[in-house]
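Single-structure report; data block below.
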Amino acid sequence: MTSFFIFYEKLMKIDDINISSGAKAVFYTLGCKLNFSETSTYAQILKSKGVVKAQPGEKADICVINTCTVTDIADRKCRQAIKRLIKNHPDAYVVVTGCYAQLESETIQKIPGVDLVLTKDLREFVPSCSKGDRTRYWLKVQDGCDYFCTYCTIPFARGRSRNGSIVSLVSQAEEVARQGGKEIVITGVNIGDFGKTTGESFIDLVRALDNVSGIERYRISSLEPDLISDELIDFCATSSRFMPHFHIPLQSGSDAVLKLMHRHYDTALFADRIYRIKRLIPDAFIGVDVMAGSRGETEDYFNESYHFLQSLPVSQLHVFPYSERPGTKALRIPYVVDEKEKKRRCHLLLALSDEKLHSFYHSFEGKEAKVLFEHAPKGKPMHGFTENYIRVEMPTEASMFNEIVTIRLSADNMKSPKD
């Protein structure tokens, strides 16, 4: 039985929550787009049974916290969020799920006020497709990971690689189109590994989704560099629906460190993928994950990594400090980078990211671009993204929500995500 329905069945057995008479719920998500997709599915299940979302300032009957465990900072934020929600909603039934719950269920259960720690069967694929409060939909196509990188606990929290069938995923995309959705973000843990369960392939999935009438945009959330085939890049270069937007984890630009991490590629392969994308799709936005201060990253290795990233035509770096994770093989690597040095390296990489993002945005000033505008929070300007993921802000105009509008880009309306 899926964790979603275990969750619902347990709630139905609680005497002091009347699910069908307008109980109020709050949802809090930490971590990746996959978590947001799954939280939205929990919300949809409750909404279908009469549960409404609590408004700001209202006390909730149910609190759902979907957790992340990618770093020790993420663990701490999860604990803080759980305690804060319990304090703000003292009479609520509190449910904690997600990766941190999967790995540290006993720790969470000991927090006073937690009623249910929801773990799941790591062998089955649980479908999820929803949009939450946003305009874009997230379609979960894959879960789990078989890579077991030395620094990572996600395979233990998410299980081995598994996926839905192309037929079922196309059906979900068709339902999004019927609901008026225009953009779908394809999510998963290691989506390029799609097909382990069904004997299909990721490029076959991409081709099938590209044929769904009514969906105007697809974004691929993250792809391991060794799983980005020439065939996939070539297809995205000619598709009008798959956006010129790639998110590719590098983690380190030093081959020695990549070996210590047990990554499945070297810098030559990574650079080849970047240059092929930019050659065929010159306007493509390319975001890159990079880790600072991992075990074994000497100063020389960090400098190698920095200069490698500096040389690449990428658009933005997503920088993370290395975090010790219990039970990982990285703990056997002897060279340890102290916290002060990690922060220094993060600062340098973030400054490099700012330079690259500014340069990328600046190259589009004065050009026209198609922007899909999202629903704006009350009192804030609306925003949306161009095909190649430039964030655009405009004065709120309700008629533009969930509409693709041609805008002339300028320094005033292009805003980086952190602005």
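The values are calculated or read from the model by the stated rules, or taken from the named source; none is laboratory data. Just so we're clear, the structure is a prediction, and the values are computed from it rather than from any experiment. We place every Cβ from the backbone using ideal geometry, glycine too, and count neighbours over all the protein chains shown.
Have a look at Arg134, Arg160 and point out the one that is surrounded by fewer than 22 Cβ atoms within 10 Å (Cβ to Cβ), in contact (Cβ under 8 Å) with a residue 40 or more places away in the chain, in a loop (DSSP other than H, G, I, E, B) and not assigned by TED's automatic domain parsing to the domain that holds Asn402.
Arg134
Please tell me if Glu297 is buried (at least 18 other Cβ atoms within 10 Å of the Cβ), among the charged types (D, E, K, R) and in contact with a Leu (Cβ under 9 Å, 6 or more places away or on another chain).
Spelling it out, Glu297 is indeed buried (at least 18 other Cβ atoms within 10 Å of the Cβ), among the charged types (D, E, K, R) and in contact with a Leu (Cβ under 9 Å, 6 or more places away or on another chain).
For region 170-184, check the following and say yes or no: at least one residue is under 17 Å from the mean Cα position of the chain (by Cα) and either surrounded by fewer than 23 Cβ atoms within 10 Å (Cβ to Cβ) or in a strand (DSSP E or B) (or both).
yes
Leu103 - would you say it is under 26 Å from Lys83 (Cα atoms), within 21 Å of the chain's Cα centre (by Cα), aliphatic (A, V, I, L, M) and at pLDDT 90 or above?
Numbers: under 26 Å from Lys83 (Cα atoms): yes; within 21 Å of the chain's Cα centre (by Cα): yes; aliphatic (A, V, I, L, M): yes; at pLDDT 90 or above: yes.
Here the answer is yes, as Leu103 does meet what is asked.
Given the conditions (1) buried (at least 20 other Cβ atoms within 10 Å of the Cβ); (2) within 21 Å of Leu260 (Cα to Cα), and given that Asp338 satisfies all but one, which numbered condition is not satisfied?
All conditions are met except number (1).
Of the residues Thr69, Thr107, which single one is in a loop (DSSP other than H, G, I, E, B) and more than 19 Å from Phe194 (Cα to Cα)? First the steps, then the outcome.
Numbers: Thr107 fails: in a loop (DSSP other than H, G, I, E, B).
After applying the criteria, what remains is Thr69.
Among Val64, Val51, Val26, which is the only one that is in contact with an Asp or Glu (Cβ under 9 Å, 6 or more places away or on another chain), crowded, with 18+ Cβ neighbours inside 10 Å and at pLDDT 90 or above?
Being in contact with an Asp or Glu (Cβ under 9 Å, 6 or more places away or on another chain), crowded, with 18+ Cβ neighbours inside 10 Å and at pLDDT 90 or above holds for just one of Val64, Val51, Val26, which is Val26.
Residue-wise test of (1) in contact with an Asp or Glu (Cβ under 8 Å, 6 or more places away or on another chain); (2) crowded, with 18+ Cβ neighbours inside 10 Å.
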residue: His358; (1), (2): no, no
residue: Lys370; (1), (2): yes, no
residue: Glu374; (1), (2): no, yes
residue: Pro377; (1), (2): no, no
residue: Pro395; (1), (2): no, no
residue: Ala411; (1), (2): yes, no
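Are there any strands (runs of 3 or more DSSP E) wholly within region 339-419 with 1 or more residues that are more than 22 Å from the chain's Cα centre (by Cα) and in contact (Cβ under 8 Å) with a residue 40 or more places away in the chain, and if so which?
Numbers: elements: 368-373, 382-386, 391-394, 404-408.
In region 339-419, the matching strands (runs of 3 or more DSSP E) lie at 368-373, 404-408.
Count, please, the residues in region 72-90 that happen to be farther than 20 Å from Tyr42 by Cα and part of a loop (DSSP other than H, G, I, E, B).
Residues meeting the conditions: 1.
Looking at the structure I just gave you, is Ser21 of a type in the set (S, T, N, Q), surrounded by fewer than 16 Cβ atoms within 10 Å (Cβ to Cβ) and modelled with pLDDT under 90?
Yes; evaluated as a whole, the condition is true for this residue.
Based on what the data block shows, is Asn35 of a type outside the set (Ser, Thr, Tyr) and either at pLDDT 85 or above or touching a strand residue (DSSP E or B) at 6+ places or on another chain (Cβ under 7 Å) (or both)?
So Asn35 fits the description; yes.
Which of the residues spanning region 103-130 are under 20 Å from Gly164 (Cβ atoms) and touching a residue at least 40 places away in the same chain (Cβ under 8 Å)?
Across region 103-130, the qualifying residues are Lys120, Asp121, Glu124, Phe125, Val126, Pro127, Ser128, Cys129, Ser130.
Given the conditions (1) assigned to a loop (DSSP other than H, G, I, E, B); (2) more than 26 Å from the chain's Cα centre (by Cα); (3) more than 19 Å from Ser254 (Cβ to Cβ); (4) at pLDDT 90 or above, and given that Val336 satisfies all but one, which numbered condition is not satisfied?
With (1) assigned to a loop (DSSP other than H, G, I, E, B); (2) more than 26 Å from the chain's Cα centre (by Cα); (3) more than 19 Å from Ser254 (Cβ to Cβ); (4) at pLDDT 90 or above applied to Val336, the lone miss is (3).
If a residue must be closer than 28 Å to Thr238 by Cα, of a type in the set (Ser, Thr, Tyr) and part of a helix (DSSP H, G or I), how many such residues does region 293-316 contain?
The qualifying residues number 1.
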